[in-house]
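The values are calculated or read from the model by the stated rules, or taken from the named source; none is laboratory data. Everything quoted here is computed from the prediction, not taken from an experiment. Note that we place each Cβ from the backbone using ideal geometry, even for glycine, and neighbour counts take in every protein chain shown.
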Amino acid sequence: MSKQKKAAQEKAEVSAKATDAKLSRKDYEEQLHKLHVELVKLQQWVVASGAKVVIVFEGRDGAGKGGTIKALTERVSPRVFRVVALPAPTEREKSQMYVQRYLTHMPAAGEVVIFDRSWYNRAGVERVMGFCSESQVQKFLAQAPMFERTMVESGIILLKYWLEVSPQEQEKRLRARIDDGRKTWKLSPMDIKSFNRWDDYTQARDEMFESTDTPWAPWFVARSEDKKRVRLNLISHLLGQIPYQPVEQPKVKLPKRKIGKYKAANYPFKFIAEPF
């Protein structure tokens, strides 16, 4: 082996070890704090500039979409950052144009809309589980790029993320949903049914990427094996994709509190029990 190849291999091994090293809670919280500060700046810019942002989260069951969205939104205003997680379509919605039920959730000026699963259900779960015909899938794959071009041309900043997880890690997370009483609500009958369809979902993902990864709406893949790392990496990437600028905010100073003529109430407050 040449010295150059050996050096390159050693560098790759070091890089892999660094990536595989467990991220401490302290380091994670420190980095997340910095990103949250930037997300607040992004929020201020979105409101001030009237920007419209759509962020799509897709991935297999257990890939970490919900946890990543929570990390993304926990320090910003729900009036600006809106999360949309639609249930299965109603009979009425099934009779509509496929993307129609998503259109009502598109952002107005000064809003960020996050889709926890999206119109890409048709290319994924609906296709794999047989909820639509193959002709409907092919029609969707042909029309989705045009739909997204219309979004972008209307002024929407569109970001699409796929969270990629291994079958081993997915199984570990789904088992945790069975065993941990705090997570049982996350486990749906569809999760169980789709568990044995790994290869079918993989094929559907590949065809979805091939048809809908466009210059105006590319797919970004985030490795989601490590929950903490994917949250930091994805938020960092997202911030780099949006041309936000710091918006000068007036300094706020609390005024001196006025002392009124309040008289104590003559009835007892019903305080809750304090067992902790």
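Got a number for residues in the range 220-267 being part of a loop (DSSP other than H, G, I, E, B) and touching a Gly at 6+ places or on another chain (Cβ under 7 Å)?
Going through the range 220-267 one residue at a time, the tally reaches 1.
Looking at the range 58-82 only, could you name the residues that are buried (at least 18 other Cβ atoms within 10 Å of the Cβ) and under 30 Å from C132 (Cα atoms)?
Correct list: E58, G59, R60, D61, G62, A63, G64, K65, T68, I69.
Using the structure shown, decide if I192 is out of contact with any His (no Cβ under 7 Å at 6 or more places or on another chain), closer than 17 Å to A63 by Cα, surrounded by 10 or more Cβ atoms within 10 Å (Cβ to Cβ) and β-branched (V, I, T).
yes
Check whether at least one residue in the range 91-108 is modelled with pLDDT of 95 or more, within 23 Å of I192 (Cβ to Cβ) and loosely packed, with under 15 Cβ neighbours inside 10 Å, and report yes or no.
no
Conditions tested, residue by residue: (1) surrounded by 12 or more Cβ atoms within 10 Å (Cβ to Cβ); (2) of a type in the set (A, V, I, L, M, F, W, C); (3) touching an Asp or Glu at 6+ places or on another chain (Cβ under 6 Å).
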residue: V152; (1), (2), (3): yes, yes, no
residue: D179; (1), (2), (3): no, no, no
residue: K183; (1), (2), (3): yes, no, no
residue: K186; (1), (2), (3): yes, no, no
residue: Y201; (1), (2), (3): yes, no, no
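Restricting the range 109-126 to residues that are of a type in the set (A, V, I, L, M) and touching a strand residue (DSSP E or B) at 6+ places or on another chain (Cβ under 7 Å), which is surrounded by the fewest Cβ atoms within 10 Å (Cβ to Cβ)?
Taking the candidates together, the pick is A109.
Applying the selection to the range 7-35, what residues are more than 26 Å from V152 (Cα to Cα), modelled with pLDDT of 50 or more and in a helix (DSSP H, G or I)?
Selection gives T19, D20, R25, K26, D27, Y28, E29, E30, Q31, L32, H33, K34.
Considering every residue within the range 208-219, establish whether at least one is among the small types (G, A, S), more than 30 Å from E148 (Cα to Cα) and not in a helix (DSSP H, G or I).
no
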